[in-house]
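Below: one structure, written as structure tokens.
Every number in this text was worked out from the coordinates using simple rules, so none of it is lab data. The model shown is predicted, which means the values in this text are computed figures rather than measured ones. Here the Cβ positions follow ideal geometry from the backbone for every residue, glycine too, while neighbour counts run over all protein chains shown.
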Amino acid sequence: MELISSVKCFGGDQRRYRHRSEVLDCEMTVSVYLPPQAAKGPVPAVWFLAGLTCSDENFIIKAGAQRYAAELGLAIICPDTSPRGDGVADDEAYDLGQGAGFYVNATREPWAKHFRMWDYITAELPGLVGEACPLDMQRQSIMGHSMGGHGALTIGLTHPDRFAAISAFAPIVAPMQVPWGVKAFTTYLGEPPSAWAAHDACQLLRSSQADLPPILIDQGEADNFLAEQLRPDLLEAEIRGRDITVRRQEGYDHSYFFIASFVGEHLAWHARALAV
Ligand SMILES: N[C@@H](CCC(=O)N[C@@H](CSC=O)C(=O)NCC(=O)O)C(=O)O
């Protein structure tokens, strides 16, 4: 990991690293916020997975999360949303290709060589950031926005022993049933759709017998993508007595202004789950 920038922020450091990913077979960047408490020893880490068209920088620039993370003693790890580079497959559409990795391992060409975001986030990157930064990797939780909310839910639900809590802002909860997800899964995973279920939060909730981490979801009622792409009603139907809270926030849209409005509550909730 090559440190490419480090900026003091609320007493801690907003860092950005460049590294080679063996899994994605390309150069990647990742942003890590370290709170002031990290100067004294390893701190718990919250992952933030971003949405379509985002890089590792949208959240650190727009969400205003560092103030809360500094108060709570939490690190925030912000990965990019796809492999990148001239030799990496891409698409003209904003919802496919670079910037739109959907947190799956692609099995179809021309995507399979580089688009392995599932393995990157769950296997490769934790080792790299854990080695480069003073993080307590025994205390992790995960959150995300939109496509990244989908990633946070599916990765968190698949690794219930790794993450103390899962939260999401306006997540895609049922990609098998909405246009963004059907397009991405058809392109990256192909047929049969039965292979898609491992990447659909509603399907995972329906089939899981495990003790799951608590889940917190905020969804803006004025979100343009609400009815067609996000469909929180489909997840609400799968709650079945589990520790899942879905909050409908009147007047809020899909933007980072919405995330900034509630990120402090999400981080405080993660800190409680992480016993900070
Ligand atoms: N057509 C728009 C769509 C892009 C968009 O809204 N991206 C969201 C995430 S949507 C789901 O994953 C986002 O977070 N954008 C970045 C930001 O900083 O707001 C477009 O092409 O712009």
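Which pairs do you get when a residue that is more than 11 Å from PRO83 (Cβ to Cβ), found in the range 94-119, comes within reach of a residue that is of a type in the set (Lys, Arg) and assigned to a loop (DSSP other than H, G, I, E, B), reach meaning Cβ atoms under 8 angstrom, with the pair 6+ apart or on two chains?
Cβ pairs passing all conditions: none.
Could you check the range 227-263 and list, in sequence order, the residues that are aliphatic (A, V, I, L, M), under 18 Å from ALA201 (Cα atoms) and either touching a residue at least 24 places away in the same chain (Cβ under 8 Å) or away from the ligand (no atom under 16 Å from the Cβ) (or both)?
First pass over the range 227-263, keeping only residues aliphatic (A, V, I, L, M): 227, 230, 234-235, 237, 239, 244, 246, 259-260, 263.
Now narrow it down to the ones that are under 18 Å from ALA201 (Cα atoms): 227, 230, 234-235, 237, 239, 244, 246.
If the condition is that a residue be aliphatic (A, V, I, L, M), under 18 Å from ALA201 (Cα atoms) and either touching a residue at least 24 places away in the same chain (Cβ under 8 Å) or away from the ligand (no atom under 16 Å from the Cβ) (or both), then LEU230, LEU234, LEU235, ALA237, ILE239, ILE244, VAL246 are the ones that fit.
Here is a list of conditions, (1) surrounded by 16 or more Cβ atoms within 10 Å (Cβ to Cβ); (2) at negative phi; (3) out of contact with any Cys (no Cβ under 6 Å at 6 or more places or on another chain), and GLY99 meets all of them except one; can you say which number that is?
(2)
Kindly indicate whether GLN229 is over 29 Å from ALA271 (Cβ atoms) and crowded, with 18+ Cβ neighbours inside 10 Å.
Working: over 29 Å from ALA271 (Cβ atoms): yes; crowded, with 18+ Cβ neighbours inside 10 Å: yes.
Against the criterion (over 29 Å from ALA271 (Cβ atoms) and crowded, with 18+ Cβ neighbours inside 10 Å), GLN229 qualifies.
If we keep just the residues of the range 108-143 that are aromatic (Phe, Trp, Tyr) and outside any helix (DSSP H, G or I), which is nearest to ALA69 (Cα to Cα)? Spell out the reasoning first.
Of the range 108-143, the ones aromatic (Phe, Trp, Tyr) are 111, 115, 118, 120.
Restricting the remaining residues to those that are outside any helix (DSSP H, G or I) gives 111, 115.
Values: TRP111: 36, PHE115: 31 Å.
That would be PHE115.
Determine, yes or no, whether VAL88 is among the aliphatic types (A, V, I, L, M) and under 17 Å from LEU189 (Cβ atoms).
Details: among the aliphatic types (A, V, I, L, M): yes; under 17 Å from LEU189 (Cβ atoms): no.
Spelling it out, it is not the case that VAL88 is among the aliphatic types (A, V, I, L, M) and under 17 Å from LEU189 (Cβ atoms).
Within 16 Å of the ligand (Cβ to nearest atom), polar (S, T, N, Q) and buried (at least 16 other Cβ atoms within 10 Å of the Cβ) - does that describe any residue in the range 167-188?
Yes, the range 167-188 has at least one match.
Where residues in the range 55-107 are among the aromatic types (Phe, Trp, Tyr) and in a loop (DSSP other than H, G, I, E, B), which of them is nearest to the ligand (Cβ to nearest atom)?
If we filter the range 55-107 for residues that are among the aromatic types (Phe, Trp, Tyr), which is where we start, we get 59, 68, 94, 102-103.
Add one more test, that the residue is in a loop (DSSP other than H, G, I, E, B), and what stays is 94, 102-103.
Values: TYR94: 4, PHE102: 9, TYR103: 11 Å.
For the range 55-107, the residue satisfying everything is TYR94.
Identify all residues within the range 220-252 that are in contact with a Leu (Cβ under 7 Å, 6 or more places away or on another chain) and in a strand (DSSP E or B); write none if there are none.
Passing the criteria: THR245, VAL246.
Which count do you get for residues in the range 142-166 that are within 15 Å of the ligand (Cβ to nearest atom) and among the hydroxyl-bearing types (Ser, Thr, Tyr)?
Within the range 142-166, residues that are within 15 Å of the ligand (Cβ to nearest atom) and among the hydroxyl-bearing types (Ser, Thr, Tyr) number 2.
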